[in-house]
Amino acid sequence: MGILKPRRKTIKIHIGDVAVGGDAPIVVQSMTNTDTKDWKATVEQIKRLEDRGCEIVRVAVLDMEAVQQIPRIKSSVKIPIVADIHFDYRLAIESIKAGVDGLRLNPGNIGGLDKVKKVVELAKEREVPIRIGVNSGSVEKDLIEKYGSPSPHAMVESALRHIKFLEDLDFGLIKVSLKSSNVLDTIMAYKLLAEKVPYPFHLGVTEAGTPVQGAIKSSLGIGILLYEGIGDTIRVSITGQPEEEIPIAYGILRALGLRERGAEIISCPTCGRTEIDLISIVKEVEEKLSVLKTPIKVAIMGCVVNGPGEAKEADIGIAGGRKKGTLFKKGRVVKSVKEEEMVRELLKEIEIITGERLFWAGK
Ligand code: SF4
């Protein structure tokens, strides 16, 4: 994979029909922020996530009422569902019975060994993997005392404890995450654990912040680890709607040459030569192309001086002029378009190239 370090060798597990680890592609996932009890709202959000390319989704399961909605949610969506459980082992057992494809829980936090055993026996029987998710905020008190803070070493020791619970019960369908809101701590924790266990890693930086901050922190944390060959599935975390996370996740994978999906938009920063409302045009095109699956490079440049030349790698593009623009394909000029028709023309051409249907006003 070019200058990337070789991928860490991990065991392959399956969340529903999605492979994670081993030689499987890096999987993109997210988590709903709806009340899982509101199955309709949850399904609608999962469908929006699916449209953008989310491949696994996690839902918070806080009580039995939420568990009861799982079969309905599962039968209404295509991607595998992971139940996020804290403290109550009965929710884990009932979620497995309700058909979830994976669990996220920390075995040390659901009450004694006998309770963990009940969950693990059923998970083993139904081949439901468990993600151990250690966050810097949830590291055990004794480890904070030992290390002085929820440091990467403390997080790793915490993860090893939870892993041991499962290994002692001869359970190997394990995935691990070690998230801190500090990018460098996150990177160090994953790197330390990578030397100790063969399980696939779910990468993420927790509580990463607003969409801009979250994109920066996630891109750095996840990106650096993937560059190091570490990571099997990723979740970008932002304070916003989960569907906004997916294009960022694919952007990270695309930038590293790991996966291709949808449109890569190449646009100029604008300058005194720009004579069209380039910023609005780029925003509108980006939004309309967010559901595109076929990889395509789309350039939207402010002027013809540098536009087509700088964007000659693009499959299709527009270079602005005075209230009009030039449509070009692979660096070759095709035709002139009025400013108000640019978005429509571009989308029409992209539909022809990709064979996918896009939707826009006035169509
Ligand atoms: Fe300026 Fe043209 Fe470059 Fe855009 S492409 S930044 S308008 S020179």
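Here are the numbers for this structure:
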item	result
Filter pass, A66 being without any contact (Cβ under 8 Å) to a residue 40 or more places away in the chain, open to solvent by less than 10 Å² (accessible area, probe 1.4 Å) and over 17 Å from N33 (Cα atoms)	no
Hey, R58 open to solvent by less than 40 Å² (accessible area, probe 1.4 Å), among the basic types (K, R) and in contact (Cβ under 8 Å) with a residue 24 or more places away in the chain or not	yes
Positions within the range 9-44 being touching a residue at least 60 places away in the same chain (Cβ under 8 Å), closer than 22 Å to E260 by Cβ and in a loop (DSSP other than H, G, I, E, B), in sequence order	K12, D17, G21, G22, A24, P25, I26
Answer residue from the range 269-289, given it is under 17 Å from D315 (Cβ atoms) and not basic (K, R) and is surrounded by the most Cβ atoms within 10 Å (Cβ to Cβ) among those	V285
Yes/no for V343 being away from the ligand (no atom under 11 Å from the Cβ) and open to solvent by 80 Å² or more (accessible area, probe 1.4 Å)	no
All positions within the range 61-105 that are on the phi > 0 side of the Ramachandran plot and of a type outside the set (A, V, I, L, M, F, W, C)	G99
Residue, surrounded by the fewest Cβ atoms within 10 Å (Cβ to Cβ), within the range 290-314, restricted to residues that are among the β-branched types (V, I, T) and either within 31 Å of the chain's Cα centre (by Cα) or closer than 17 Å to K348 by Cβ (or both)	T294
Helices (runs of 4 or more DSSP H) fully within the range 225-311 counting 2 or more residues that are within 22 Å of E339 (Cα to Cα), touching a Lys or Arg at 6+ places or on another chain (Cβ under 6 Å) and more than 16 Å from the ligand (Cβ to nearest atom)	none
From V156, V205, residue being in contact with a helix residue (DSSP H, G or I) (Cβ under 6 Å, 6 or more places away or on another chain), within 22 Å of G240 (Cα to Cα) and of a type in the set (A, V, I, L, M)	V205
Any hit, the range 263-280, residues being at pLDDT below 95, in contact with a Gly (Cβ under 9 Å, 6 or more places away or on another chain) and within 25 Å of H14 (Cβ to Cβ)	no
Residue within the range 45-53 that is assigned to a loop (DSSP other than H, G, I, E, B), closer than 21 Å to R259 by Cβ and at pLDDT 95 or above present	yes
Residue in the range 189-198 that is in a loop (DSSP other than H, G, I, E, B), touching a Ser or Thr at 6+ places or on another chain (Cβ under 8 Å) and open to solvent by 50 Å² or more (accessible area, probe 1.4 Å) present	yes
Which numbered condition I96 fails, given (1) more than 19 Å from S177 (Cβ to Cβ); (2) touching a Gly at 6+ places or on another chain (Cβ under 7 Å); (3) of a type in the set (A, V, I, L, M, F, W, C)	(2)
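Conditions tested, residue by residue: (1) surrounded by 20 or more Cβ atoms within 10 Å (Cβ to Cβ); (2) without any contact (Cβ under 8 Å) to a residue 12 or more places away in the chain; (3) within 16 Å of the ligand (Cβ to nearest atom); (4) not in a helix (DSSP H, G or I).
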site	(1), (2), (3), (4)
A319	yes, no, yes, yes
R322	no, no, yes, yes
G325	yes, no, yes, yes
S336	no, no, no, yes
I350	yes, no, no, no
I353	no, no, no, no
L358	no, no, no, yes
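The values are calculated or read from the model by the stated rules, or taken from the named source; none is laboratory data. Given the structure is predicted, the values throughout are model-derived calculations rather than measurements. FYI the Cβ positions are ideal-geometry reconstructions off the backbone, even for glycines, and counts take in every protein chain you see. To get the accessible areas, we keep the full protein, side chains included, count just its heavy atoms, and leave off ligands, DNA and RNA. Shrake-Rupley method; radii C 1.70, N 1.55, O 1.52, S 1.80 Å.
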